[in-house]
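Laboratory data are not the source of any read-out in this text; all were calculated from the coordinates shown. Bear in mind that the values here come from a model prediction, so they are computed numbers and not experimental data. Cβ coordinates were reconstructed from backbone atoms using ideal geometry, including for glycine residues, and neighbour counts include every protein chain displayed.
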Amino acid sequence: VYAGTPARTAGVLTQQLGGTADQMLAIDMYDIKEGDATNDWNNIYNNVIQPCNDIVAQYSEGNPHNKAMALVIKAMGLGVATDMWGDVPGQEGGMGNINGNFSPKYDAQKDIYAQIQSLLDEAIGLLKTAGSDVREVGANDLFFKGDLAKWLNTAYLLKARYAIHLTKKNANDAATKALDALSNVTNVGDLRATYGESYNENNQWFQFSQGRATLLRMGENLINMMKASNDPRLSVYAAVAPGGGYVGAAPGSENQNASELGTYMAGQTSPITLAGYVEALFIKAEANLILGKTQEAADAYNTAVLTHVQNATGSPAPAAFVTAYASETAASITKEKIMNQKYVALFAQIEAYTDWRRTGFPTLTPNPHNVLNKPAIPRRLPTDQNERLYNKNAVVTSDILKPVWWDE
Amino acid sequence: QTRTITGTVKDSKGNSPIPGVSVAVKGKGTGTSTGPTGTYKLQVANGTTLVFSFIGYTSQEVVVGDQNVVDITLEEDKKQLNEVVVTALGITREKKSLGYNVQSVKGEDLVRAGENNIIESLSSKAAGVQVIGSGGTPGASSKILIRGNSTFTGNNQPLIVIDGVPVDNSTNSTVSQTYPYNANLQGVNNSNRALDINPDDIASVTILKGPSAAALYGARAGNGAIIYTTKRGKAGSVHVTYDFNAGFDKVSQLPKEQHIYAQGSIKNGVPVYLPNFTTTAPVVESWGPKISSLNGVTAHDNTKDFFQTGTNFTHNVSATGGNDVSTYRISLSRADQKGIVPNTNFYRTSVRANFDTKVTQRLSMNASMSYAATEGTKAQNGSNTSGVMLPLMRTPASFDLKDYLKPDGSSKNFVNNYDNPYWTTANNPFQDKVDRFVGNIGANYEINNWLKATYKLGADVYTDGRKQIFAIGSNGYPTGQLEENTIRNRQYYSDLILSGHKEFNEKYSITANVGGNVTQTQTQNLYGRGTDLSIPNYNNLGNASTLYSDEATVLTRSSALFYDVQFGYKNMLFIGTTGRNEWSSTFGLHKNNFFYPSVNASFVFTDLVPKNDILTYGKLRGAIARGGLAPDPYTSLTYYVKPYFADGFTDGNSFPFQKQNGFVYNNVIGNANLKPQTAVEKEIGLDLKFFDARLNVEATYYHKKTSDLLVRRPLAGSSGFQKIVDNTGAMVNKGWEISLSGDVIRSRDFNWNININFTRNKNEVLELGEGVSEIDVEPAFTSIGSFAIVGKPYGALYASRWKRTDKGELIIGSNGLPIVDAQNGNIGNPFPDWTAGARSTFNYKGITLGVLFDIRQGGKIWNGTIARMHQLGRTEESADRERTYVIPGVTDDGTGKLIPNTQAITAEKYFKSYLGDGAGSATENAVYDGSWVRLREVSLSYRWNLKGQKIIRFIELTGTGRNLWLSTKYPGVDPETSLTGAGSNLTGFDYFNNPGTKSYAIGVKLGL
């Protein structure tokens, strides 16, 4: 999902990416249909939430840490689903094998958000349980090799993420809760998906660029933004365009001569950060700014930018870039600056789309030729076709311009 | 005064002796019958009248004069009033006693057009039967449906039986368990395994069309059964037959392309030539300027240049012979086919030996063995990186595909993620090699003069070894990949039947069969894949640096007890009933056995009316039966599998992942309460023969309701599963089958015979379970699916549609293009309204001319090929681009009122987003009518019967043509096409399918 249709859709709609042919061009034209993301919807519920429920139901006895990891993963799955689709099954989702419920009730997004927080709270409690599990995960844990401190850190980070999403509802409350959670977050290790050289282990952005080469290019908005700031990450984000230099595809341009994705996101074994310290710092900056703590906001922002440049390029940011983009003060820091740099740092992540929807930054111009014939960018995915057809309790929303609850 | 006369009885056609002919003295009730060599010896008085009679031949009377030798030649009986047919379990019956319709096809009709596949050669030869070929590549599968589809997710094809033993006709696909999508869409169009049978060995085929006819086969024959009977030996001196057939195949029909405009795009309203195929990002469109306006650029007809003339050579040698005790037939055959796609081929070498022997007066035994080595090389089709049609159709005319090699030997591609077709057919072959043994032994013991016992034991064993090579430098696998797949299949079958026949008072008769059978099938599928090859052209798994393998095994067993009883009254009224109780390992855990009954009746009413010149024979028949279909193996269980994470665009991530294995529940949840699905079929029919059987009509109406359908019912993904196997819903097939045959001219030298088969089947999904009105039959593409929708035929095409007014007019948006409906819906039905086959045969002395027309009315096909070609500016139509288009429809005048659309749009927009599959288009635009009228077969043959010749008995010369003429409005390849082949239930999909063929052949046959 983080490297599948939802992530590509998010990237194209936020103009970090450009859909230049076929199905990706369709997204670029806001021609988004109810069957487009079925595989990803199924991945979330069949391969993420269902196995997590399975672990909780069948294997949690004597294995509190296993259970906690399952709850964290489930919270992330629900988070992606609700941010892209709005109201989704929460309590009753992925329970088919456990209680035979094949038409799970849809929960209001507000309630899904409450569930995410309580799943994470429960996970935090369990992760703090002393002793070891009957079946230790240990080296089988592809993320943290069973390091509970890192899982705990991730759980808090996710609490902050899903708290700050609610700024349109109650900004102060969102900021306070986010900061509260972040007080437990340090730079102990990011939750990252890692990839291998075998075909079935490849980074999926890479595989997409191999098998579907004409479909996707860098987006003009992001490329221009990074060129304007001489961003040192540009050379790893984007490949050199066929005509030389770095070129982004404008919405609807079908410009296949634009740059392809670079090795940062789309290398054969490039890892993808699912929840990391840089994101935590940006949340910290935004939350502090909301609460009027501008100095803390500026500090967090500067650290976030510098850390991310270091992470992405492997070397410290050049002085000129630091001066221009990582030297904010209490007086100069703005929400737009925070969100724009977060937009760059969380490249090709669903978070960037969520952030744009709730803050309006960066400022985007809708594709003027879009098939919806309206000067607006879609704000959600339509309810999945199979849900409409086979779940009698589905709450169907086909209008992709309708905001989700936290975006209202 | 009596004396001894002798003689030989021969068949008028083959000039071969006929054993078992009754030679009776008229009015006396005495007589004899001919021996295995067709000879007889009898004591008669002068002036006696002898009556020579045998089933299938016209009786002949001869008055004995003073001669000592009376040789007789019997003519085949064209009236066929006493026709005998093989029914279920090898039981032979007089056709007049059957209450259901069966149709027979003679072996010689199967081989006439030189088809290598005994399924394909049934097309348009029997009513109620639909054969769907996959395209003209050698060995591609053919699918057969009888009386429509009767299940959703399982196998819809009939059971194939050879000499009483069921054989495997699977179309296995090669795919790793990590492959996340529908395996039928991937790779090549694999063969259906009936391809291993040599058509020349077939004596006759009987088609048991539905549960009524096939109830005795139980769950396996829920879709009917096709009974092949092989040729057997004849007593007498050795007769050898040799024939040779040489066929030539050409592409039958292709989408029409434009060769005017070059590669490029329209920039700011101006076509720009963009020949940058050397970079990784070629412009795949043909929206550039005119080729004639460009210096040094010429137009190429890549498609025409690519396809070659295919060849098909077959040799058959057979020998028959025997004596009073034993007879034999031995045959050897070889088929040698090269396809229209370069480097594709099909080879089959087969031997068969059939023996029959009388061990004692009461015990006879028989054996039948065949071995076939079938192999071939296939090309990928559809949207596969090594498919051939996709790059052929997409490549602009300004690019020459023939120039396909780079100096380093790698492929010079046009479409960068698809291989050059010349390179791929040379470097990325898919090869399969099958060794197959099919055989059975049987014993027949006559307990007394009314009761006998037969036992049969059969085996069908094959190994199918396949290899797919992706050479280093191929686009899908730049570092090279090898796939090795071995499928081992073993099927054992055995039955024991007690049969009795008794007559009482010359009025009543009873025929009964009681028995049991056991079947076991075992399949092992081994898959190995090696990637990252080190040495070019060393196609051995040892050359791979990364290896993956998996295995799947399936074991099923079923056993049954059955009876078949028939009562007859005055050889005029017959009532029969059958029943079978079956135990199967694939039924759910709660109930593992089911009962399948049937009742049928036939009434030969002409026996009650006085003999007249008009109506020679009339029979009314009716039958009702319940058939079944067992669940697929292991569907009653929810089991763990290795999950894959894929989004429809890439092959995704799967386990083992970074040396960690992983399992989650299969996305299909099991169901322990599964029952077999049941089909209740009622049929009534009328068989009439007029004017001394010059005009024959068989008409049948059937109504088959399938309920408790075994459905892989889709679930909302949010349940945690995608599907559940369930007995859900009901479907009905009803229709007419009419066979009409007539001798227009019947004379000594000239005969003209017409044979027409008409089929109309209407399928309707009646219900799909509570709250469900639509389900996805089998995953296809994200843009289009095959659905079962309540009130519509099964397999309805389901995709995006245009938004329309109540009157059906398109609603045009402010950009001049129609608006797409937010929700997908039904956009057409791929099954024909009716089909017909009409054969005309002319005989003049030794010359025979046969003409077979095939008509299909209706049946929609999704032509994804043409939609994409429109989008890319490749179609002939899209060459008309220096103008604007106005799409007929209505548009909002700004006040909410709908007025006719007058807004002109550019040709580019018109072809990309209205006719094509570009952004903003609806898939419904690519659905076309697949009706056709075709000259399916035409054959001309001449036979010299060389009487008195010692060495050569006859010579036959034939010239045949297949698909020589095709009339269809379908804008693509031959609409007899199937993307996913016989292993799939998807129908009506054409996405860069390989084209069909038309063929010419000449043959010679020698009788020695």
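Note on chain B: helix-only mean residue ellipticity at 222 nm, from DSSP H runs of 4+ residues weighted -39500 (n - 2.57) and normalised by residue number, equals -1000 deg cm²/dmol.
Cβ-to-Cβ counts within 10 Å put B:Thr137, B:Thr87 in ascending order as B:Thr87, B:Thr137, the fewest first. Restricting attention to the range B:622-755, lysine pairs at least eight places apart or on different chains and with alpha-carbon atoms under 13 angstrom apart total 5. Extension gain, B:Gln524-B:Val270: 0.36 nm per intervening residue step, less the Cα-Cα distance, totals 85.5 nm. The Kirkwood radius of chain B, taken over pairs of alpha-carbon atoms, gives through the Stokes-Einstein law at 10 °C and 1.306 mPa s a diffusion coefficient of 51 µm² s⁻¹. Between the amide H of B:Asp77 and those of B:Tyr57, B:Thr58, distances stay under 5 Å, these residues lying 5 or more places away or on another chain, with hydrogens modeled in the peptide plane. For a paramagnetic label modelled on B:Ser585 (point 7 Å from Cα along Cα→Cβ), amide N atoms under 12 Å away belong, within the range B:609-634, to B:633-634. A simple charge model with +1 on the Cβ of Lys and Arg, -1 on the Cβ of Asp and Glu and nothing else charged puts the dipole of the range B:334-388 at about 180 debye relative to its Cα centre. Here the simple spin-label model places points 7 Å from the Cα toward Cβ, and for B:Asn673 and B:Val697 these points are separated by 4.9 nm.
Using a simple spin-label model with pseudo-atoms 7 Å out from Cα toward Cβ, B:Thr298 and B:Lys106 lie 5.4 nm apart. Couplings 3J(HN,Hα) for the range B:569-585, derived from phi with the Karplus relation 6.51 cos²θ - 1.76 cosθ + 1.60 (θ = phi - 60°), are 10, 6, 6, 9, 10, 10, 10, x, 9, 10, x, 8, 10, 10, 10, 9, 6 Hz, where x marks Gly and Pro.
Each Lys and Arg Cβ is given +1 and each Asp and Glu Cβ -1; about its Cα centre, the range B:2-74 then shows a dipole of about 120 debye. Remark: mean inter-chain Cβ contacts per residue of A:211-220 equal 3, using a 10 Å Cβ-Cβ cutoff to other protein chain atoms. For A:Leu261, the residues 5 or more places off, or on other chains, whose built amide H falls under 5 Å of its own are A:Met218, A:Ala239. Gyration tensor analysis over the Cα atoms of the protein assembly as shown returns equivalent ellipsoid semi-axes of 68, 34, 28 Å (largest first, whole Å). Inter-chain neighbour count for B:720-732: the average number of beta-carbon atoms from partner chains within 10 Å of each residue's beta-carbon is 3.
Between B:Lys26 and B:Leu898, the distance separating the two model label sites (each 7 Å from Cα on the Cα→Cβ line) works out to 8.1 nm.
Only DSSP H runs of four or more residues enter the estimate; each adds -39500 (n - 2.57), and after division by the residues of chain A the mean residue ellipticity at 222 nm equals -14500 deg cm²/dmol.
In whole percents, the pair-distance distribution calculated for the range B:2-74 from its alpha-carbon pairs, binned every 5 Å from zero, is 4, 18, 32, 27, 14, 5, 1. Among the listed pairs B:Lys234/B:Lys338; B:Lys95/B:Lys611; B:Lys358/B:Lys619; B:Lys502/B:Lys619, those whose Cα-Cα separation exceeds 30 Å are B:Lys234/B:Lys338; B:Lys358/B:Lys619. In this structure, the amide hydrogen of B:Thr230, modeled 1.01 Å from its nitrogen in the peptide plane, lies closer than 5 angstrom to those of B:Asp163, B:Ala203, counting only residues at least 5 positions away or on a different chain. Its Cα centre serving as origin, chain B has a Cβ charge dipole (Lys and Arg +1, Asp and Glu -1) of approximately 2020 debye.
When chain A is treated as a Gaussian network with alpha carbon springs shorter than 10 Å, the biggest mean-square fluctuation among A:Tyr59, A:Tyr264, A:Tyr156 belongs to A:Tyr59.
Within the shell of other residues whose beta carbon sits under 11 angstrom from the beta carbon of B:Asn517, the net charge comes to +1, with Lys and Arg scored +1 and Asp and Glu -1.
Backbone geometry of the range B:763-769 corresponds, through the Karplus equation with coefficients 6.51, -1.76 and 1.60 at θ = phi - 60°, to 3J(HN,Hα) couplings of 10, 9, 7, 8, 7, 10, x Hz, x marking Gly and Pro.
Cross-link partners for B:Lys969 among the lysines, with Cα-Cα distance under 16 Å and sequence neighbours closer than 8 places in the same chain left out: B:Lys256, B:Lys860. Counting Cβ atoms of other protein chains within 10 Å of each residue's Cβ and taking the mean over peptide B:977-983 gives 0. Would you work out which of B:Val25, B:Ser773, B:Gly652 lies farthest towards the positive end of the dipole of chain B? Charges go on Cβ: Lys and Arg +1, Asp and Glu -1. Towards the positive end, the residue furthest out is B:Val25.
In sequence order, the range A:143-159 has phi-based couplings of 8, 10, 6, x, 6, 5, 4, 6, 5, 4, 4, 5, 4, 5, 4, 5, 4 Hz under the Karplus curve 6.51 cos²θ - 1.76 cosθ + 1.60, θ = phi - 60°, and Gly or Pro positions carry x. Given R₀ = 56 Å, what would the calculated FRET efficiency be for B:Lys502 paired with B:Gln949, taking r from the Cβ atoms and rounding to 0.05? In this case the efficiency is close to 0.70. When a/c is below 1.5 the answer is rounded, else prolate if a/b is larger than b/c, else oblate, so apply that to the range B:718-834 with a ≥ b ≥ c taken from the square roots of the Cα gyration tensor eigenvalues. Oblate, since a/c reaches 1.5 and b/c is not below a/b.
Using the Cβ-Cβ distance between B:Val238 and B:Phe595 with R0 = 51 Å, the FRET efficiency computed as 1/(1 + (r/R0)^6) comes to roughly 0.55. Since only B:Val131, B:Gly720, B:Asn172 are under comparison, the one whose Cα sits farthest along the positive direction of the charge dipole of chain B, derived from C-beta charges on Lys, Arg, Asp and Glu, is B:Val131.
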